[in-house]
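One structure below.
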Amino acid sequence: MKSNSRLEKVLDSGSFAVTGELGPPASANGEVIRQKAKHLLGNVDAVNVTDGQTAVVRMSSWASCVIAKEMGLEPIVQMTCRDRNRIALQMDVLGVAALGINNMLCLTGDHQIFGNHPMAKGVYDLDSIQFVKVVKDMRDDKKFQCGDEMDVEPKLFIGAAANPFADPFEFRVLRLANKVAAGADFIQTQIIYNVDKFAKWMEGVRDRGLDQQVKILAGVAPIKSIGAARYMQNKVPGMDVPEPIIERLKGVPKEDVKKEGIKQCVDIINQVREIKGVAGIHLMAIEWEEAVPEIVETAGLLPRPQVA
Amino acid sequence: MLTTKQKPLEEILEYTAGEKKIFVVGCRGCAEGCHTGGEKEVLEMKEQLEQAGKTVTGTSLIDFMCNDSLVRVTLNAHEGKIVDSDSLLALCCGVGVQATSSVVDRMVHPGCNTVSMGGRHAEWRQGERCMECGDCMLEYTGGICPIARCSKMLLNGPCGGSADGKCEVSPDVPCAWQEIIDRLTKLGRLDKLSQITAPKDWSVSLMAGAATKV
């Protein structure tokens, strides 16, 4: 075992893993984390805690992780290169490990121009691939990026993101290969609505044997309203929402759209589960955490495995 | 004036490993002033490459390599020799390397590091081309600079926001990494991206290193 991560244990046991997502509040109200955590507890193996998602100032991921951990969740701290240079990144890596957080998702981060401080200076000293390698070298070789050594290493289960729907499609598998070579232990993908395209990407992943080297968690998310679906289709960079997905929601009475969104999410889970090389799902019920219990229950993913 | 320093010969030979025929381009503008890419340095480079077993198919000096139209016109006159070459070596600033890359379908190796813009920003006016990072990496990115032209300065791009050739920040901004991949694909050199580019040493750059004395 590379870490004390519950997620690593679940994946190692061969169980189909489920990770969730929890967005910290744009205030100092820790109660928000506790309320959201209640819906996730017992329903997921680990929870991503976002780090200034869409470049909006929110409670820091690591602090929110500590609250989530007190609630009994297994947090995955997200960390972006947008706001920290390599000095700050490595300091936070040491800090979160010392606080008992076992998982880290290394991201470049959404560009600051999309957030509520578009006038901010972006850092981008490292990119996500370089950051993955820095964390791996800290854990496995006890070395900082500069080469200096440390005595106690951060035992983190290292994650990275992949977006099979961004361009150029042909390059996306090669980019995943570079993330794996850098040291990623698990991958969480962009939300999948175009299952055919995802399956095609997975074919390329298997051709290179990457599914044998890294655990791939397929990103899924229920759609709450037709407006939200249109927004993702047109406004969110790197999202692929095919028209039939929206048509299906349009086909039910307005008061049933949420219910249909949950059903559709379960259907997508069942489809991606059948694709060879998929080791689990990453369920992003963003600002809709209360939908998580029903989704995992209906998809037959309960109870979650107990691991020591 | 863009201040350049010539890259060590070992680095240039590493770039040109496996290649036999090289066309050398120099710049009569800033690079001549810096003694990094004028007539004398171009001839010296020719000699060094020949000593290393390469064939230099030809040389050319361009008044201002940052002027892409001038580069196009000047290199047109050498078309036969360039077509016969494996690659070009450009002794000039990063803007000149990119201007050359934009007009020839051959790998263009950077022969210099651009260390300072010394007050002005070249003659190729559509957008930023060189950020004076001090450790030119155009070799690995098909002669298109991701530091100047990727919104996140990714050295291992593209990010998940690249769509239809555009950057996620605006439909008016081309995705530099899409351009890099297209160009390396066209040149059959996508292998340049199969290795992870290590974190950059920013201490040699004007952007983030120590302030320099005047």
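Points worth noting:
- Each peptide in A:209-218, A:26-35 receives the mean, over its residues, of other Cβ atoms within 10 Å, and ordering these scores from highest gives A:209-218, A:26-35.
- Computed from Cα atoms alone, the Kirkwood hydrodynamic radius reported for the protein assembly as shown is 24.8 Å.
- Simple Cβ-charge dipole of the stretch B:1-65, Lys/Arg +1 and Asp/Glu -1, about Cα centre, in debye nearest 20: 120 debye
- Taking one quarter of the surface of the convex hull spanned by the alpha-carbon atoms of the stretch B:1-42 gives a direction-averaged projected area of 3.2 nm².
- Prolate/oblate/rounded label for the stretch A:14-141 (Cα gyration tensor, a/c 1.5): oblate
- Dimensions of chain B from C-alpha coordinates, computed as largest minus smallest value along each principal axis and given longest first, are 45, 43, 31 Å.
- Relative intensity, log₁₀ I(q)/I(0), of the stretch A:6-298 from a Debye sum that treats every alpha carbon as a point, q = 0.07, 0.09 Å⁻¹: -0.25, -0.41
- Karplus-based coupling profile of the stretch B:89-101, in residue order and whole Hz: 10, 10, 9, 5, 6, x, 5, x, 4, 6, 5, 5, 4, with θ = phi - 60° in 6.51 cos²θ - 1.76 cosθ + 1.60 and x standing for Gly or Pro.
- Space enclosed by the convex hull of the alpha-carbon atoms of the stretch B:41-141, per residue, Å³: 106 Å³
- Per-peptide average of other Cβ atoms within 10 Å, ordering A:287-294, A:187-194, B:200-207 highest first: A:187-194, A:287-294, B:200-207
- Annotation: amide H of B:Val115 within the under-5 Å range of B:Thr3, B:Thr4, B:Lys5, sequence separation 5 or more or interchain, hydrogens built in the peptide plane.
- Within 10 Å of each Cβ in B:187-194, the average number of Cβ atoms from other chains: 1
- For B:Gly58, the residues 5 or more places off, or on other chains, whose built amide H falls under 5 Å of its own are B:Val24.
- Contact order normalised by residue count of the stretch A:6-298, Cα under 8 Å, 6+ apart, percent: 18 percent
- Three-way shape call for the stretch B:1-94 based on the alpha-carbon gyration tensor, with the a/c threshold at 1.5: oblate
- Computed FRET value (nearest 0.05) for A:Arg304 with A:Leu99, which takes r as the C-beta separation and R₀ as 22 Å: 0.40
- Unit charges at the beta carbon, dipole of the protein assembly as shown: most positive-side option, B:Gln195, A:Val56, A:Gly238: A:Val56
- Dipole magnitude (debye, nearest 20) for chain B, charges at Cβ of Lys, Arg, Asp, Glu: 180 debye
- Euclidean distance of C-alpha centroids, the stretch A:13-47 and the stretch A:189-246, integer Å: 21 Å
- Karplus 3J(HN,Hα) series, Hz, for the stretch A:168-177 with 6.51 cos²θ - 1.76 cosθ + 1.60 (x for Gly, Pro): x, 3, 4, 8, 5, 6, 4, 5, 4, 4
- Dipole magnitude for chain A: about 180 debye, using +1 per Lys or Arg Cβ and -1 per Asp or Glu Cβ, origin at the Cα centre.
- Shielding by partners for peptide A:167-176, expressed as the average number of C-beta atoms from other protein chains within 10 Å of each residue's C-beta, is 5.
- Each residue of the stretch A:124-138 is assigned a 3J(HN,Hα), and the resulting list reads 6, 5, 10, 9, 4, 5, 5, 5, 4, 5, 4, 5, 4, 5, 5 Hz, derived from the Karplus form 6.51 cos²θ - 1.76 cosθ + 1.60 (θ = phi - 60°), x at Gly and Pro.
- Sorting the segments A:79-86, A:274-281, B:80-87 by their residues' average number of neighbouring beta-carbon atoms within 10 angstrom, most packed first, yields A:79-86, A:274-281, B:80-87.
- Of A:Lys121/A:Lys197; A:Lys143/B:Lys200; A:Lys2/A:Lys224, pairs whose Cα-Cα distance is over 28 Å: A:Lys121/A:Lys197; A:Lys2/A:Lys224
- For the stretch A:224-308, with +1 on Lys and Arg beta carbons and -1 on Asp and Glu, the positive-most of A:Val296, A:Val266, A:Gly227 along the dipole: A:Gly227
- Within straight-line cross-link reach of B:Lys81, lysines at Cα separation under 23 Å, skipping those fewer than 8 residues along the same chain: B:Lys20, B:Lys21, B:Lys40, B:Lys46, B:Lys54, B:Lys186
- Placing dummy labels 7 Å off each Cα toward the beta-carbon, the span from A:Arg208 to B:Val73 is 4.5 nm.
- Residue among B:Gly33, B:Gln48, B:Tyr15 farthest towards the positive dipole end of chain B, charges placed on Cβ: B:Gly33
- Residue-averaged beta-carbon neighbours from other chains (10 angstrom radius) around A:251-257: 0
- For A:Val47, distant residues with modelled amide H under 5 Å away: A:Gly20, A:Glu74, A:Ile76
- Prolate/oblate/rounded call for the stretch A:20-60, Cα gyration tensor, a/c under 1.5 rounded: oblate
We did not get these values from a lab; they are worked out from the coordinates using the rules stated. Because the structure is a prediction, the values reported are computed rather than measured. Counting neighbours? That spans all protein chains shown, and the Cβs are built from the backbone with ideal geometry, glycine included.
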